[in-house]
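Here is the structure we will look at, set down as structure tokens.
Nothing in this text is a laboratory measurement; each read-out follows from the coordinates by a stated rule. Being a predicted model, the structure only gives us computed values, none of them experimental. With ideal geometry, Cβ positions are generated from the backbone for all residues, glycine too; neighbour counts draw on all protein chains shown.
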Amino acid sequence: MKTIEDPEKLKKVGEFYDKIADTHYEFLHYWLKNTLFHWDFWLSFVFSILPWAIWIKYRKKDSTQRLLFVGFFVLIFTCWMDFFGVMYGLWYYTGKVIPTMPSYLPWDMCILPVFVMLLVQYKPNSSALVKALVFAAVCSFIGEPFFLWLGFYVLKKWSIFYSFPIYFLIYLACHKISRLRNFAGI
């Protein structure tokens, strides 16, 4: 089908995407040989399952939908931020459970959402600012250094200190979202 887009532009953009696809195939082959079923894979697998098992056991059953809504917000936002950071060479990850994602699945889709959901449900009338400070401090100054120590998280043009205000704002947004009453069934 003929498009209205400039054919040269289509060709040039296609060349960029071909390079990206080739790099992903190279990484997949590397991952299959050097990560799949090695210690870092299994540890990342545990980091993917354990937070959700903890959440299932300790969640407030009557708040499940509301908490999942908050957790989904965290998941989407952190995956997007991680994609941005990896894409622009600010950091990268090793020990991935799934090699096709630019983000670190256990952190973005498991640890962070569950941590936020547990904070939201624990002492719901406590200060959101204090909880945001706790969340930001634990994530920035304990979580990220731990993953740096494991070698799963490699900083290139980033500092854990840059992460602190982002985590702080993520929690405040989640706190606000958790208070919304306009959603049917939430």
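How high is the relative contact order of region 19-153, in percent, counting Cα pairs under 8 Å that sit 6 or more residues apart?
Working: 103 pairs, mean separation 42.4, N = 135.
After rounding, I find 31 percent.
Starting from the Cα of residue 57, draw a straight line to each of the aspartates and glutamates and keep only those under 12 Å, dropping any in the same chain fewer than 8 residues away.
none
Compute the longest continuous run of the chain that contains no exposed chymotrypsin sites (Phe, Trp or Tyr not before Pro); treat a site as exposed when its DSSP state is not H, G, I, E or B and it has at most 11 other Cβ atoms within 10 Å.
123-182
How big is the Cα convex hull of the chain in projection, averaged over all directions, in nm²?
Working: hull surface 57.2 nm².
Mean projected area of the Cα convex hull: 14.3 nm².
Add +1 for every Lys or Arg and -1 for every Asp or Glu among the other residues with Cβ under 14 Å from the Cβ of residue 123, and state the total.
Net local charge, residue 123 excluded: +2.
When a/c is below 1.5 the answer is rounded, else prolate if a/b is larger than b/c, else oblate, so apply that to region 1-107 with a ≥ b ≥ c taken from the square roots of the Cα gyration tensor eigenvalues.
The shape class here is oblate.
Taking the chain as a Gaussian network, where each spring joins two C-alpha atoms under 10 Å apart, which residue of 156, 11, 96 fluctuates the most?
11
List the aspartates and glutamates whose alpha-carbon lies under 14 Å from that of residue 96, not counting same-chain residues fewer than 8 positions away?
Excluding near neighbours in sequence, the set is 40, 82, 108.
May I ask which of 60/131; 61/123; 131/157; 11/33; 11/156 have a Cα-Cα span longer than 25 Å here?
Those over the limit are 131/157; 11/33; 11/156.
To one decimal place, what Kirkwood hydrodynamic radius in Å is obtained for region 72-115 from all pairs of distinct Cα atoms?
10.4
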